[in-house]
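Down below is the structure, laid out as C-alpha cells.
The values are calculated or read from the model by the stated rules, or taken from the named source; none is laboratory data. Note that the structure is a prediction, hence the values are computed from the model and not measured. Here the Cβ is made from the backbone with ideal geometry for all residues, glycine too, and neighbour counts use every protein chain on show. All accessible areas refer to the heavy atoms of the entire protein, side chains included, with ligands and DNA or RNA removed. Shrake-Rupley method; radii C 1.70, N 1.55, O 1.52, S 1.80 Å.
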Amino acid sequence: RNFVVTVLPEPAPVFNMPDDDRICRGDVVDIGSVLLPGQTYTWSASPFDFSSAEANPQIQPQESGTYYLEVSNGSCPFPSRDSISIMVDTPIVISVIGDTTVCQGESLQLSDLEMLHGVIYEWTGPGEFEDATRPDTRMSPESSGTFTLTAVNGTCIATASFELTMTPSAVEIE
C-alpha cells in the first residue's frame, strides 16, 4: 500500500486555551484568550446551548459543562479545536443565632443548621466549642465577642456572624 501525505504550507490557527476551571455559581469567568488578528472564533457548549464569536467570552454558568472552540484563520483549510471544562459549585446558605446575651457559664447552641454532605464548616470566636467543625455546635462562652461560622462547598464560601455579650456571674465565692 502506498499513501500520499500532502503538507500544506499555510500555518494552522494558534490559540492558547486556559486550563479547566472550577467556580462558584454566580461567578464570572473568562474561558478564552487574546484575540489574534485574522482569526475567527466559534464557541459552543455541552450540555447546554451556548455560542459566541469572541476570542475570550466571559461566562456566568449556572451548571457545569464543557465549552468547545473552533479557530479558523482563512489561510489554513482546517480549523484548530480545543475545549475547556468549567465545574460549577453550588453556593451555600447559612444562618446563625442573632446577637444575644448570656450569663457566664451558660451553654449555648450557635445554630440549628444540619450538616450538608461535602460542606466544610468552621466556627471561630472566643471560647471552646464542643465541635468547631459542626454548624450546630454548642459552647459555653468565656467572654463577649463575635462568633463566625464559615461554610465551604468547593469554591463557594459563606459566612455568618453574631455578637455575643456575656454577663458575668454576680456570685462571689470566698
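So which residues in segment 123-141 are open to solvent by 60 Å² or more (accessible area, probe 1.4 Å), touching a residue at least 24 places away in the same chain (Cβ under 8 Å) and under 12 Å from Leu108 (Cβ atoms)?
Correct list: Arg138 only.
Please state which of the following conditions Ile120 fails to meet, knowing it meets all the rest: (1) under 30 Å from Val34 (Cα atoms); (2) open to solvent by 70 Å² or more (accessible area, probe 1.4 Å).
That leaves (1) as the condition not met.
Specify which of the listed residues (Glu106, Glu122) is over 30 Å from Thr42 (Cα atoms), of a type in the set (D, E, K, R) and not in a loop (DSSP other than H, G, I, E, B).
Residue meeting the stated conditions: Glu122.
The conditions are (1) open to solvent by 40 Å² or more (accessible area, probe 1.4 Å); (2) more than 18 Å from Ile92 (Cα to Cα), and Phe147 fails exactly one of them. Which is it?
Evaluating Phe147 over (1) open to solvent by 40 Å² or more (accessible area, probe 1.4 Å); (2) more than 18 Å from Ile92 (Cα to Cα) leaves (1) as the failure.
Mind listing whichever residues of segment 65-100 are within 30 Å of Thr165 (Cβ to Cβ) and β-branched (Val, Ile, Thr)?
Ile92, Val93, Ile94, Val96, Ile97, Thr100
Hey, does segment 69-92 have a residue that's open to solvent by less than 90 Å² (accessible area, probe 1.4 Å), outside any loop (DSSP other than H, G, I, E, B), closer than 30 Å to Phe147 by Cβ and in contact with a Lys or Arg (Cβ under 9 Å, 6 or more places away or on another chain)?
Within segment 69-92 (the criterion being open to solvent by less than 90 Å² (accessible area, probe 1.4 Å), outside any loop (DSSP other than H, G, I, E, B), closer than 30 Å to Phe147 by Cβ and in contact with a Lys or Arg (Cβ under 9 Å, 6 or more places away or on another chain)), the answer is yes, since at least one residue qualifies.
Checking the conditions here, which among Ser33, Ser44 is more than 15 Å from Val88 (Cβ to Cβ) and either in a strand (DSSP E or B) or among the β-branched types (Val, Ile, Thr) (or both)?
That would be Ser44, the only listed residue that is more than 15 Å from Val88 (Cβ to Cβ) and either in a strand (DSSP E or B) or among the β-branched types (Val, Ile, Thr) (or both).
Looking only at segment 125-138, count every residue that is at negative phi, assigned to a loop (DSSP other than H, G, I, E, B) and touching a strand residue (DSSP E or B) at 6+ places or on another chain (Cβ under 8 Å) and tell me the total.
Qualifying residue count for the region: 9.
Thr42 is checked against (1) within 30 Å of Val152 (Cβ to Cβ); (2) open to solvent by 40 Å² or more (accessible area, probe 1.4 Å); (3) modelled with pLDDT of 95 or more and fails just one. What number does that condition carry?
Single failed check for Thr42: (1).
Any chance you could count how many residues in segment 152-174 are of a type in the set (S, T, N, Q), over 30 Å from Glu63 (Cα atoms) and modelled with pLDDT of 90 or more?
Of the residues in segment 152-174, 1 are of a type in the set (S, T, N, Q), over 30 Å from Glu63 (Cα atoms) and modelled with pLDDT of 90 or more.
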